[in-house]
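Provided herewith is a single structure, encoded as structure tokens, for subsequent inquiry.
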Amino acid sequence: MMLYEGAAETFRMKRRTCLAIVLAAGEGTRMRSALPKVLHAVAGRSLLAHVLDAIAKAKVDATAVVIGPRQDAVAAEVRRVAPKAGCFVQQARRGTAHAVLAAKPALKRRADDVLIVYGDTPLIRAATLKRLRAPLAKGAAVAVLAFRPSDPAGYGRLIVNKGKLVAIREEADASAGEKTIRLCNGGVMALAGAQALAILQRIGDRNRKGEFYLTDAVAAANGMKLKAAAIEAEEDEVRGINTKGQLAEAEAFAQRRLRKAALEGGVTFVAPETVFLSADTKFGKDVVVEPYVVFGDKVTVEDNAVIHSFSHLAGAHVGKGASVGPFARLRPGTRLGAGARVGNFVEVKQAVIEAGAKANHLSYIGDATVGADANIGAGTITCNYDGAEKHRTAIGKGAFIGSNSSLVAPVEIGAGAYVGSGSVITKDVPAGALALARGRQVIKEGGAARLRSLKSLGKKNPQSPD
Ligand code: UD1
Ligand code: CA
């Protein structure tokens with residue numbers, strides 16, 4: 001009995017290895033942008049990062065990315081997101097099959113399965129990548145991810161003859177009849193590693209564009225008496241991005257997907273369609289987000305916090321039960337402690353606002369720490385920049401900063417200190433001290449009338465009616 005179980009275990013462990021190749025060498029001229037196409041963002045993350053993320057989640061053994069010459073920014077993004085991936089340069093842009101061959105050294109290592117994913121297809125999910133490998137395990141040499149787009153214009157059409165996938169025809173080469181085919185190529189393909197090089201090397205460039213099309217792998221496999229199969233995916237998952245219009249459509253879909261996941265995780269969105277998220281936005285339990293809030297990248301919101309309308313957050317951590325907005329801006333490096341409150345027209349950057357501290361109205365808190373339970377009055381500004389360097393402001397626990405004060409950094413306000421309204425604080429204030437740094441008020445009895453009469457006489461400087 002034991003022996004039998006052991007044998008089954010060995011059998012199951014014979015896992016197929018997988019190499020993923022991402023094609024990212026295109027300039028994407030139809031984007032009309034100086035930025036390489038795959039570096040455009042959806043949900044706060046580059047198209048390429050989305051694809052690399054899906055590949056990582058699909059648990060492949062190795063990843064190769066094909067980039068264009070002089071695309072240092074693309075290589076840098078690969079290093080940032082997938083440091084273990086290898087980059088290969090396609091010197092001339094001669095088509096998708098030509099691009100795959102740029103990764104020949106990786107192909108030669110003979111993984112069992114080779115997954116080829118286009119870098120401009122950011123919505124692809126790991127589960128679908130795994131699903132596409134299944135036909136290979138059953139003996140197919142090529143597996144194509146197909147879909148039925150609402151508008152097939154621009155996509156390659158799958159030519160199926162008597163139930164057999166025989167070719168993919170690119171739009172430019174398709175006959176009028178072939179253009180009516182709705183089943184299209186989604187831009188993800190799996191090749192059996194053992195045959196991949198032979199298939200790719202059979203592909204020629206005799207087509208309208210004079211390019212080596214990866215899509216011809218299907219006809220090539222047929223010519224070699226190898227099997228080609230297709231599996232279908234939802235349109236939303238395989239949207240390819242060639243234009244800014246398609247980028248916007250992908251963004252809209254990515255947002256719907258993120259909102260749905262957040263709602264399922266228990267976040268309350270009063271009007272979900274008005275809230276914009278990033279792929280890495282994280283929410284705790286019982287968080288409420290009011291209408292019209294934008295979450296840039298790297299935001300975490302802990303349990304019971306409320307984000308009021310028209311707030312913009314990026315690179316910020318919102319602690320338990322904290323309250324943000326309406327009309328607040330939290331910039332990178334912001335950390336709000338439990339129950340902290342940041343109200344309307346308050347901007348916070350590189351600052352920690354500890355538990356229970358409040359900045360409720362019209363403030364700029366930059367490069368600062370605000371101690372627990374401190375109160376920052378309306379209109380308070382940390383003057384962090386002297387034109388050359390940034391300096392820090394430290395406000396102690398329970399301190400009270402009167403309205404309309406300027407705290408000229410570097411400066412420290414001690415715990416429990418009290419700064420009078422309208423002060424310009426340039427020197428440290430010791431703990432528990434009262435600091436007043438403003439012009440003294442002068443009263444002139446009857447002065448109002450004297451001022452008005454001087455004005456009516458056309459006196460040049462009626463401001464000092466002594
Ligand atoms: C491609 C497919 C088409 C499919 C569609 C799905 C081919 C020939 N056509 O068309 O069947 O329906 O995707 O979205 O494959 N790239 C390179 N080097 C090259 C050419 C392209 O790296 O020499 C990269 C691009 O950066 C891009 C990807 O390959 O990420 C696909 O190229 P693209 O020009 O966008 O192909 P489509 O015309 O959209
Ligand atoms: Ca494309």
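Which residue is nearest to ligand 2 (Cβ to nearest atom), if the candidates are limited to region 102-136 and must be basic (Lys, Arg) and more than 28 Å from Lys164 (Cα to Cα)?
First, the residues of region 102-136 that are basic (Lys, Arg): 104, 108-110, 125, 130-131, 133.
Still in the list and also more than 28 Å from Lys164 (Cα to Cα): 104, 108-109.
On the way: Lys104: 23, Lys108: 27, Arg109: 27 Å.
Of everything passing the filter in region 102-136, Lys104 is nearest to ligand 2 (Cβ to nearest atom).
Here's something else I'd like to know. Being more than 10 Å from ligand 1 (Cβ to nearest atom), surrounded by 24 or more Cβ atoms within 10 Å (Cβ to Cβ) and outside any loop (DSSP other than H, G, I, E, B) is the filter here; which residues of region 114-128 pass it?
Answer for region 114-128, where residues must be more than 10 Å from ligand 1 (Cβ to nearest atom), surrounded by 24 or more Cβ atoms within 10 Å (Cβ to Cβ) and outside any loop (DSSP other than H, G, I, E, B): Val114, Leu115.
Applying the selection to region 294-318, what residues are part of a loop (DSSP other than H, G, I, E, B) and surrounded by fewer than 22 Cβ atoms within 10 Å (Cβ to Cβ)?
Going through region 294-318, the residues part of a loop (DSSP other than H, G, I, E, B) turn out to be 296-299, 302-305, 308-311, 314-315.
Those that are part of a loop (DSSP other than H, G, I, E, B) and surrounded by fewer than 22 Cβ atoms within 10 Å (Cβ to Cβ): Gly296, Asp297, Lys298, Glu302, Asp303, Asn304, His308, Ser309, Phe310, Ala314, Gly315.
Any chance you could count how many residues in region 170-187 are closer than 17 Å to Ala228 by Cβ and within 16 Å of ligand 2 (Cβ to nearest atom)?
5
Only one of (1) assigned to a loop (DSSP other than H, G, I, E, B); (2) buried (at least 17 other Cβ atoms within 10 Å of the Cβ) fails for Lys285. Which number is that?
That leaves (2) as the condition not met.
Right, something else. So, in region 216-258, exactly how many residues are more than 13 Å from ligand 1 (Cβ to nearest atom), under 18 Å from the mean Cα position of the chain (by Cα) and either surrounded by 20 or more Cβ atoms within 10 Å (Cβ to Cβ) or on the phi > 0 side of the Ramachandran plot (or both)?
2
If you check every pair at least six apart or on different chains, which have Cβ atoms under 7 Å apart with a residue in region 233-262 that is over 24 Å from Met31 (Cα atoms) first and a residue that is part of a helix (DSSP H, G or I) and away from ligand 2 (no atom under 11 Å from the Cβ) second?
Listed by first residue and then by second, the contacts come to Ala233/Thr128; Arg259/Pro272.
Further question on the same structure: So, in region 133-150, of the ones that are within 21 Å of Leu101 (Cα to Cα) and within 14 Å of ligand 1 (Cβ to nearest atom), which residue ends up surrounded by the fewest Cβ atoms within 10 Å (Cβ to Cβ)?
For region 133-150, the residue satisfying everything is Leu145.
Sticking with this one: Among the residues in region 188-200, are any within 14 Å of ligand 2 (Cβ to nearest atom) and not polar (S, T, N, Q)? Spell out how you get there, then give the answer.
Within region 188-200, the subset within 14 Å of ligand 2 (Cβ to nearest atom) is 188-189.
Subsequent filtering for residues that are not polar (S, T, N, Q) retains 188-189.
Yes, region 188-200 has at least one match.
Among what's in region 177-202 and is within 12 Å of ligand 1 (Cβ to nearest atom) and under 16 Å from Ile116 (Cα atoms), pick the residue that is surrounded by the fewest Cβ atoms within 10 Å (Cβ to Cβ).
Selected residue: Gly187.
Rundown of residues vs (1) more than 23 Å from Arg110 (Cβ to Cβ); (2) touching a residue at least 60 places away in the same chain (Cβ under 8 Å), yes/no style:
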residue	(1), (2)
Ala140	no, yes
Pro149	yes, yes
Ala153	yes, no
Gly163	yes, no
Val166	yes, yes
Ile181	yes, no
Gly187	yes, yes
Asp205	yes, yes
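If I filter region 140-174 down to residues being small (Gly, Ala, Ser) and within 33 Å of the chain's Cα centre (by Cα), which single residue comes out as nearest to Ala190 (Cα to Cα)? Walk me through how you get there before you give the answer.
Residues of region 140-174 that are small (Gly, Ala, Ser), as a first pass: 140-141, 143, 146, 150, 153-154, 156, 163, 167, 172, 174.
In the following step, the residues that additionally are within 33 Å of the chain's Cα centre (by Cα) were identified as 143, 146, 150, 153-154, 156.
Numbers: Ala143: 5, Ala146: 12, Ser150: 24, Ala153: 23, Gly154: 21, Gly156: 16 Å.
Residue satisfying both the conditions and the ranking: Ala143.
For region 4-104, which fully contained helices (runs of 4 or more DSSP H) count at least 3 residues that are at pLDDT 95 or above and more than 15 Å from Asp120 (Cα to Cα)?
Values: elements: 47-57, 72-81, 96-101.
Output list reads 72-81, 96-101.
The values are calculated or read from the model by the stated rules, or taken from the named source; none is laboratory data. Being a predicted model, the structure only gives us computed values, none of them experimental. Cβ coordinates were reconstructed from backbone atoms using ideal geometry, including for glycine residues, and neighbour counts include every protein chain displayed.
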